[in-house]
Amino acid sequence: MHIVIMGCGRVGSTIAHILEDQDHSVAVIDQDPDAFRKLPAGFKGKKITGVGFDRDVLIEAGIEQADAFAAVSSGDNSNVIAARVARESFGVERVVARIYDPRRAEVYQRLGIPTVATVRWTADQMLRRLLPKGAQPLWRDPTGTVVLAEVAYSDQWLGEKVTTIEEAARARIAFISRLGEAMLPGPGTVLQEGDVLHVIADEQDLERISPVLARRPGAERGAQKGGH
């Protein structure tokens, strides 16, 4: 694959290094020629000095043959403009923009522009480690409605079939992480110690699903009766 990267800061240079190690063709764009010093000494890809949303600069970087484009400069507006030019003017399918303002990121996601909200992502990752209880969204669809979330559960669910858990929570378990590997649960799959549950659901349903899994099996029925 040929990948064009706009921005040669820590993120851009790291991505370029990893992609080249994986034998991909890489071109990096940055307005500051000194920024290319962050690239490894043996970097073989293109280094283009210029504005990342300028058509001529993008063409020089090989955008017309690019399989993917990453906009990871320090400016939200520049990243979004560049991502839109890559997608709308040059037809690049795999496009992602780095965004610092999470409020903007949500707007751009709804417009169909894939984004990584730096502040929000970092905060989410920190919270997952500080507050392991409840549900932590890992992915949202472009409309912001459907989420894939890691959901904590009571140890008393261990030994129960996944189908039983799905029925109790009225939710779909997308996959389980077991011993560091993802697996799709089957009809006979039983929850084991150390398993991590990943649920796919409407975001508004997470507030209902999390408490069910936090209680012991059968407790949700008692809670429902007590509410009548």
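The values are calculated or read from the model by the stated rules, or taken from the named source; none is laboratory data. Treat the numbers as computed from the prediction; the structure is a model and nothing was measured. All Cβ positions, glycine included, derive from the backbone under ideal geometry; neighbour counts span all protein chains shown.
Identify, from the list SER78, SER73, the residue that is hydroxyl-bearing (Ser, Thr, Tyr), buried (at least 16 other Cβ atoms within 10 Å of the Cβ) and either free of Cβ contacts under 8 Å to residues at least 24 places away in the same chain or not in a helix (DSSP H, G or I) (or both).
SER73 is the lone residue from the list that is hydroxyl-bearing (Ser, Thr, Tyr), buried (at least 16 other Cβ atoms within 10 Å of the Cβ) and either free of Cβ contacts under 8 Å to residues at least 24 places away in the same chain or not in a helix (DSSP H, G or I) (or both).
Can you tell me how many residues in the stretch 147-183 are loosely packed, with under 12 Cβ neighbours inside 10 Å and either among the aliphatic types (A, V, I, L, M) or within 12 Å of GLY194 (Cβ to Cβ) (or both)?
5
Hey, can you tell me all the residues within the stretch 112-135 that are modelled with pLDDT of 70 or more and not in a helix (DSSP H, G or I)?
Answer for the stretch 112-135, where residues must be modelled with pLDDT of 70 or more and not in a helix (DSSP H, G or I): GLY112, ILE113, PRO114, THR115, VAL116, ALA117, GLY134, ALA135.
Looking at the stretch 145-162, is at least one residue over 30 Å from ARG98 (Cβ atoms), in a strand (DSSP E or B) and modelled with pLDDT of 90 or more?
yes
With respect to ALA61, determine if the residue is over 20 Å from THR115 (Cα atoms), surrounded by 21 or more Cβ atoms within 10 Å (Cβ to Cβ) and out of contact with any Leu (no Cβ under 8 Å at 6 or more places or on another chain).
Yes; evaluated as a whole, the condition is true for this residue.
Being part of a strand (DSSP E or B), modelled with pLDDT of 90 or more and under 20 Å from the mean Cα position of the chain (by Cα), is that true of even one residue in the stretch 61-69?
Scanning the stretch 61-69 turns up at least one residue that is part of a strand (DSSP E or B), modelled with pLDDT of 90 or more and under 20 Å from the mean Cα position of the chain (by Cα).
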